[in-house]
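Notes for the one structure printed next.
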Amino acid sequence: MLSMIVDCHAHLAHPDFAADLDAVVGRMRAAGAVAVNTGSNLEANKKALAITSRFPDVLKTAIGLSPHDANREPLDGNLRFIRAHADEICAIGEIGFDFHYFKKEEERERQRVAFSAQLDLAESLDLPVVVHSREAEGEAIALLAKRKGVRILHCFLMPALLDAALKAGCLVSLPTLKSKSRVTLIERAQEGRVLCETDSPYLWRGGRNEPANVAEVYAEMARLRGARFAEGASRRALEIFGW
Ligand SMILES: [Zn+2]
């Protein structure tokens, strides 16, 4: 087993973890995992920072205004909050596009404005970005191709877009969803360009997901590409997020 594994994307501020966070973190430690505790709006970002400060040995924080919340909260206050906490975070996220839930042009436009402003901020602070894109992958990748710095496409399961994503300079983060797509991506991914995540509490076979489960993605990597490849994915994540 790997010495230390990284869950690049988890939402421990989610209400699903309110009752037993200590036990969840205990299982993470037992699995040798650390996690990027990720926010999505002002309240979740504040809560994520507070949770990380309770478990600084195994958590780091990413904060950002998500595409879902870009239509509910003012951008200015969120940008101010990110700037004020820049020293306490390892990335800006999750940010991006969700055209599945938001069909109106004015809603999508608000997402574009929020996404671009946060990409600017990430570049000026020299921080990685963690990007959500749903039914907008082409537009997201085209936009990210024009940017610099570490750009991670989270919950990536689209083999048809792998080459475009890599060519755009992005890394892809594979979730805890067993699927043919994930197998294909692991087989084709370049070393150093692929990461692992849980997106806890989501994406776990009908139940609640948690960071310890990220071991499953690394195990599949090791099975398909060998232990050194899986170790490389974890090492790359540790380096990107500054562990
Ligand atoms: Zn997420």
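Per-residue counts of other Cβ atoms within 10 Å, averaged by peptide: what ranking do you get for 92-101, 70-79, highest first?
Taking the mean over residues of other Cβ atoms within 10 Å, the ranking is 92-101, 70-79.
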Inset, instruction - Report, to two decimal places, the Cα Rg of the chain normalised by 2.2 N^0.38 Å (N = number of residues). - result: 0.93
Inset, instruction - Provide the packing ranking of 126-139, 32-45, i.e. peptides ordered by the mean count of other C-beta atoms within 10 Å per residue, highest first. - result: 32-45, 126-139
Inset, instruction - Just subtract the alpha-carbon distance of residue 228 and residue 18 from 0.36 nm times their residue separation and send over the number in nm, one decimal. - result: 72.0 nm
Legend entry - Proxy reagent accessibility, fewest Cβ within 10 Å first, across 196, 8: 196, 8
Inset, instruction - Show me 181-188, 24-31 ranked by packing, highest mean number of other Cβ atoms within 10 Å first. - result: 24-31, 181-188
Inset, instruction - Multiply the residue gap between residue 106 and residue 30 by 0.36 nm, knock off their C-alpha separation, and tell me the result in nm, one decimal place. - result: 22.7 nm
Legend entry - P(r) weight above 16 Å for region 140-199, C-alpha pairs, percent: 36 percent
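No value in this document is a laboratory result; all are computed from the given coordinates. A quick note: this is a predicted structure, and the numbers were derived from the prediction, not measured. Here Cβ is always computed from backbone atoms with ideal geometry, including for glycine, and neighbour counts include all displayed protein chains.
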